[in-house]
Structures are given as structure tokens and as C-alpha cells.
Amino acid sequence: MPLTLTQRCCHLLAPLIPFTVVFIHLSDDDGVRQVFEEMRGLYDQNVAAANDSTADPDGTAISSIAIRHAALERNKRCLMAYVFNRSKKLRNMRWQFGSILPPEIKANLCEPEIQWFNSYSKCLARYMKSIGGQGLNLAQDVKPPKSLYVEVRSLIDYGKFELDNGEVVLLKKHSTHLMSRAQCEPLIIQGVLEQINH
């Protein structure tokens, strides 16, 4: 059964309804192409009817032009929703998977979507490098910490370490301490401390 006016667009949007970040459906390039062909046909019919409207004294041509124009607008909104939804999923996947997509997801993307994802990843990486002197990985620790203090263990004999409040802590090998996350993170990165996970 042939699809009626604007139903092709609705079929494009149907797989997008259950929004899940971890899966993206196969790009429906054929469906998008069919919608564009339908839109081109509607536009051509409107142009022809507008040029012939002088021969239509009762105004039925104007009504059909308005109906076809409304169908064109609906198709345009559906295509924009389709593209927006897929790019939103891709943006969320960038935060979840990093700059390299799993092959089973990448196989479901069309070439412009892959280019958009790569461009978004480069832009995000450039921004993260520009934060502070050394850059900041915004994809790390996406969820806020449950506590401002963490328990850490000293991996080496570091010596005395002065905290922000003026207290001095002696960091001996295998000693454990409860420290502010902000103060111990640089030492964790340097390999002086390790966080104790319970």
C-alpha cells in the first residue's frame, strides 16, 4: 500500500521514540531521500498551481497550494526532528564512549553523521585542552563525588605535606590519610598517593 502524504516522515521518526543513548538505529538514507523527493514534487506542484492560479476564479487552487505547503512544512519539521534526535544521541555517545565509537554503532551511521561526530569530538578536545594550563578532561568524573574527602594511601616516603588549613601531614610509605579531594588529586596524579576504594 503506497504511503500517503507526509507518512514517509512519520516512518523516519518511529524508531527514535524510545530514546536510548547506547543504541542508534541504522541511518535511513533511503527514507530521507524519499521524503526529499516528495517535498520536491509538492513544491513543483505548488509552483505550477501558482502560475496557473489566474485561470482558477473559484479559489480551489489556493486551497490546494495551502494544503501542499502545510505538508511541506510538516515534512521539514519531521526531517529536522530526525536529524536533531540522531545528533543528540551522537553527542551523548561522545560523553559516554569517548572519541572512538564502537564498531556496531559506527556501522549504523551515515557519512555526514560520522563527520559531525568527528568534528564535535575535535571541538570538545580543543576546548578541554584550553581549560587551565594543562587542560581538563570533562568526561572524567561526570558524576559529582559523594564526599569532598577521600581516604588515600601514600605509595612513597614523600615527607611533610602542608594542607590548605595549615595542618602538616607526614606522608610515609603505606600510611593512610583522610584528605580533601582537591588537595590530594595532584599527588594522586604524580603517583605519590593512591585512593583507597572500599
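With every protein chain kept in place and ligands, DNA and RNA left out, what is the accessible area per residue of the chain? Probe 1.4 Å, answer in Å².
Per-residue value: 68 Å².
If you filter region 114-198 for GluC sites (Glu not before Pro), then keep DSSP loop positions with at most 11 other Cβ within 10 Å, what is left?
E167
Could you check which residue among L148, L79, L13 shows the biggest mean-square fluctuation in a GNM of the chain with a 10 Å Cα cutoff?
L148
Quick one: dipole size for the chain, taken about the Cα centre, charges +1 on Lys/Arg Cβ and -1 on Asp/Glu Cβ, in debye to the nearest 20.
Once rounded to the nearest 20, the dipole reads 620 debye.
Cα-Cα pairs above 12 Å in region 25-71: how many percent?
Value for region 25-71 (Cα pairs over 12 Å): 64 percent.
For the chain, calculate the relative contact order in percent as a whole number, restricting contacts to Cα pairs under 8 Å that are 6 or more residues apart.
16 percent
For the chain, with a Gaussian network of springs between Cα atoms less than 10 Å apart, report the residue from V83, V168, V32 with the top mean-square fluctuation.
Greatest mean-square fluctuation among the candidates belongs to V168.
If I take all pairs of Cα atoms in the chain, what percentage of them are more than 28 Å from each other?
57 percent
If you roll a 1.4 angstrom probe over the protein chains with everything in place, what fraction of the accessible area of the chain belongs to carbon and sulfur, to the nearest %?
With neighbouring chains kept in place, the figure for the chain is 58 percent.
Classify region 104-145: rounded, prolate or oblate, from the alpha-carbon gyration tensor (a ≥ b ≥ c, eigenvalue square roots; a/c under 1.5 rounded; otherwise prolate if a/b is larger than b/c)?
Here region 104-145 falls in the oblate category.
Could you tell me which of the pairs K129/K160; K88/K122; K88/K129; K89/K122 are separated by over 27 angstrom between their Cα atoms in the structure shown?
From K129/K160; K88/K122; K88/K129; K89/K122, over 27 Å: K129/K160.
Could you work out which residue, out of N75, N165, N51, moves most in a Gaussian network model of the chain, that is, has the largest mean-square fluctuation with Cα springs under 10 Å?
N165
List the trypsin sites (Lys or Arg not before Pro) within region 104-190 that DSSP assigns to loop and that have no more than 16 neighbouring Cβ atoms inside 10 Å.
Passing both the DSSP loop test and the Cβ count: K146, K172, K173.
Within region 91-198, which chymotrypsin sites (Phe, Trp or Tyr not before Pro) sit in a loop by DSSP and count at most 11 neighbouring Cβ atoms inside 10 Å?
Answer by residue number: there is no such site.
The values are calculated or read from the model by the stated rules, or taken from the named source; none is laboratory data. This one's a predicted model, so the numbers in the text were calculated from it and none came from an experiment. Reconstructed Cβ throughout: ideal geometry from the backbone, glycine too, with neighbour counts over all protein chains shown. Accessible surface areas use protein heavy atoms only, side chains included; no ligands, DNA or RNA. Shrake-Rupley method; radii C 1.70, N 1.55, O 1.52, S 1.80 Å.
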